[in-house]
Amino acid sequence: MKSRTLVTTLWLLLASASVTLGHHPGVDLDEMMGSAEKFFQVIDEPVAPPFELADAEGKVVRLSDFSGKIVVLYFFFASCTDLCPIHSEVIADIQRKINIGPMKDMVQFLAITTDPSKDTPEVLKTYGALHGLDASNWMFLTTAPGQSEDTTRKLSEAYKVRFEALEDDQQMHGAVTHVIDRGGPFAAKIHGLRFDPMNMVLYINGLSNNVQKSRREQPGWWERLKTILE
């Protein structure tokens, strides 16, 4: 209950801040995140690479289906023995922090498998439960009927992440978390797993509240808000 109250307070503090015109949150939010996380990369492109895939039940899903939400997206495969389980648990931690406050309905988490032939609906459901993922705003995506098996690997390359097959049924790859703003702009990505999940929560919260340059009038706001939850 205490954690829920603190996150709600955080959200309200951000929501009550002054906002200037324009959809992109502006340089200040990017600069704050960049100063907090050295592997944060601003993308700020008009659109993220689009896709048409299928969820674990076979229903067709498009990126545009989530245009009204902030999308947190990453690639993985369930049999991965290296980065993927850790990556999934880091994102699950971010999801838990977001879902105990009003942001829950504003953010959609997407995990796209690069091993569709092995990652069946049953495998994905088991994987989600194992790593603490909340299906209310988390979705696994795979290839749609009729698509080639390498569709999602090609999509990962469009997002500048390569998954290369190895001899032991593993895939060599990096860990990158992508953030797509409401309306489809590709906002940013963070490379690797050595980052503070709370900084990602603050960044997503800033996007959800359209934080702008007015933050300069509030020095230390990032640190103060982060302290609320520590």
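List of remarks:
- Cβ-defined net charge surrounding M106, 14 Å radius [Lys, Arg +1; Asp, Glu -1]: +2
- Ordering I86, N99, L155 by Cα displacement along the dipole of segment 58-203 toward the positive end leaves N99 in first place; charges were set at the Cβ atoms of Lys, Arg (+1) and Asp, Glu (-1).
- One chain, two ends: R96 and D65. Fully extended at 0.36 nm per residue, the span grows by 8.9 nm beyond their Cα-Cα distance.
- Largest to smallest in accessible area, the residues F77, F39 fall in the order F39, F77 (1.4 Å probe, all protein chains included).
- Counting only protein heavy atoms and a 1.4 Å probe, segment 117-209 has 44 square angstrom of accessible area per residue.
- Histogrammed with a bin width of 10 Å, the alpha carbon distances of segment 97-168 distribute as 17, 40, 34, 9, 1 percent, first bin at zero.
- Global form of segment 44-114, assessed from the alpha-carbon gyration tensor, a/c cut-off 1.5: oblate
- When the solvent-accessible area of segment 15-148 is split by element, carbon and sulfur atoms take up 58 percent of it, the probe being 1.4 Å.
- Summarising the amide proton neighbourhood of Q171: residues at separation of 5 or more, or on other chains, whose placed amide H is nearer than 5 Å comprise L166.
- Cleavage-rule hits (trypsin sites (Lys or Arg not before Pro)) in segment 114-190: DSSP loop, at most 14 neighbouring Cβ within 10 angstrom: K118, K160, R162
- Amide H within-cut-off set for F75, under 5 Å, with H built and near neighbours excluded: I112, V176
- Above-threshold pairs, the threshold being 20 Å between Cα atoms, out of K160/K189; K38/K160; K118/K189; K125/K160; K118/K154; K69/K125: K118/K189; K125/K160; K69/K125
The values are calculated or read from the model by the stated rules, or taken from the named source; none is laboratory data. The shown structure was predicted, so the numbers you read here are calculated from the model rather than taken from an experiment. Virtual Cβ from ideal backbone geometry, glycine too; neighbours counted across all protein chains shown. The accessibility values were calculated without ligands, DNA or RNA, using every heavy atom of the protein model including side chains. Shrake-Rupley method; radii C 1.70, N 1.55, O 1.52, S 1.80 Å.
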